[in-house]
1. Calculate what fraction, in whole %, of the accessible area of the stretch 3-421 sits on carbon and sulfur atoms when a 1.4 Å probe is rolled over the protein chains.
2. For the chain, what Kirkwood radius comes out of the mean inverse Cα-Cα distance, in Å?
3. Compute, for the stretch 3-421, the length of the dipole vector about the Cα centre, with Cβ point charges of +1 (Lys, Arg) and -1 (Asp, Glu) only. Units Debye, rounded to 20.
4. What share of the DSSP beta bridges in the chain is antiparallel, in percent to the nearest 5?
5. Taking the Cα centre of the stretch 121-252 as origin, sum charge times position over the Cβ atoms of Lys and Arg (+1) and Asp and Glu (-1), and report the length of that vector in debye to the nearest 20.
6. Which one of 340, 22, 134 has its Cα pushed farthest toward the positive end of the charge dipole of the chain, where Lys and Arg give +1 and Asp and Glu give -1 at the Cβ?
7. So for each of 355-367, 173-185 I average, over its residues, the number of other beta carbons within 10 Å; can you give me the resulting order with the highest mean first?
8. As I understand it, the value is the acute angle between the Cα axis of helix 44-55 and the longest principal axis of the Cα atoms of the chain; what does it come to in degrees, rounded to 10?
Amino acid sequence: MTPQAEAHCGINRVPLIFSTAGESHGKALVALVQGLPAGLPVSAEWVDRELVRRMQGYGRGARMKIERDRVEWLSGVRAGETLGSPVAMLIPNRDWSNWEDVMAHEAAEPGELRRRRVTRPRPGHADLVGVLKYDRVDARDILERASARETTARVAAGALAKRLLDEFGIEIGSHVVSLGGVRATPPAELPVPLNDAADRSETRVLDPSVEAEIVRRIDAAKRAGDTLGGEVEIVARGVVVGLGSHVSWDRKLDGRLAGMLMSIPAVKAVEIGLGVEAARRPGSEVHDPIDPALGGVPAGSHARVAGRDHPPHGGDLRAGFRRRTNNAGGLEGGITTGEPLVIRVAMKPISTLMSPLPTVDLATGRTANAQSERSDVTAVPAMGVIAEAMTALVLADAMLEKFGGDSLGEMRRNFDGYVASLGARWSALRDEVEG
Ligand code: EPS
């Protein structure tokens, strides 16, 4: 839910709301998405493709061999199109059959729940703070929901947001820029579509020269019972100028993106454009000169999505008001510039260590080694897929905020009208210069 989702004069004015439910070893995960326009073509195949991408990556644990994440529609879709009503999706947990007794919703004997109790909280996980806050004796009551398994439902919701953005020529992709301390050097011009290239590698780096070293470090961390973090870059191309707003703090798109991305489990930092480096350089080396000589670029020319050769709409996303560089990462004043959005997200190493760190045993009060649950050595490649989903949800929300519409057709008319007006403004300026 976006910040402006709060009651507005008693009227719910939120464009896009999404929520998730489900425990890691519960029966299923659920994603609920409200606010999509009617008439958006959707398919389970489209959602499943994203779910499968989230399960990939070198360094994942045994759970990913058990699951075959697939979505089941519960509501809001008919004959392959959204109805404008809430879309509910279910993703069953195959592992549930191994956990039915431990995770039983009701227990004839409370003792049944004593199996697989977690009393030695893992430093870095929500275990200890969760049991203190929620007054539980078993940290399983916390970790089942804190588990990154929940991100499956986020990716399902994000897939619908991506589908909407795809209609407007927006392509969102990601690639790993560092893992386990090994830094990749991606090509200066990123491939289009980005994910076709990144998904070819099981580390999702766009630099073959470092792949073997990353794999070596993951293998070494596994042997040592350790875990690894890393950074991912998310790029959204084909975004029109003017999403988000400077008028109120809660409508600034950079704040909305950072908040949503920071909510991904284990994410500790988000950078936009130059990010932290911008703080170290003078303004003349940071801000992007605006250059009318660069002229206009047809909408959709950055994005060749869903196999389409032609953008689904005409016009100019930036109306010629282009920048020579993109240090701003596509955002000025909390508003999109029409240049690609470029965001980097940093993930700490997963907090379940097979060679565990010291902790307190909540049953005895004594020092003990933290509990080791089955987990991943690293999930940085998967985090990129999750970050794409979160970015898509923010952008879809911002598109709906600007262009509204109960149906996709109405939204498209509003969008086309805006893009045409940008183009007309640019043409009038050119006439002035030339005539
Ligand atoms: C995950 C499922 C989990 C973990 C991982 C992500 O499955 P299980 O706990 O059964 O092994 O592999 O969760 C965590 C990293 C965590 O810290 O909780 C998934 O589906 O992504």
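1. On the way: 9680 of 18460 Å².
Ligands and nucleic acids excluded, carbon and sulfur reach 52 percent.
2. Kirkwood hydrodynamic radius for the chain: 23.1 Å.
3. Working: 53 positive and 55 negative charges, 147 e Å.
Dipole magnitude for the stretch 3-421 comes out near 700 debye.
4. On the way: 47 of 49 bridges.
So the antiparallel bridges amount to about 95 percent of the total.
5. Working: 19 positive and 21 negative charges, 64 e Å.
So the dipole magnitude of the stretch 121-252 works out to roughly 300 debye.
6. Positive-end residue among those listed: 134.
7. Details: 355-367: 12.8, 173-185: 21.6.
Ranked by mean Cβ neighbours within 10 Å, highest first: 173-185, 355-367.
8. With rounding to tens, the tilt is 60 degrees.
The values are calculated or read from the model by the stated rules, or taken from the named source; none is laboratory data. This one's a predicted model, so the numbers in the text were calculated from it and none came from an experiment. We place every Cβ from the backbone using ideal geometry, glycine too, and count neighbours over all the protein chains shown. Protein only, heavy atoms only, side chains kept; ligands, DNA and RNA dropped before computing areas. Shrake-Rupley method; radii C 1.70, N 1.55, O 1.52, S 1.80 Å.
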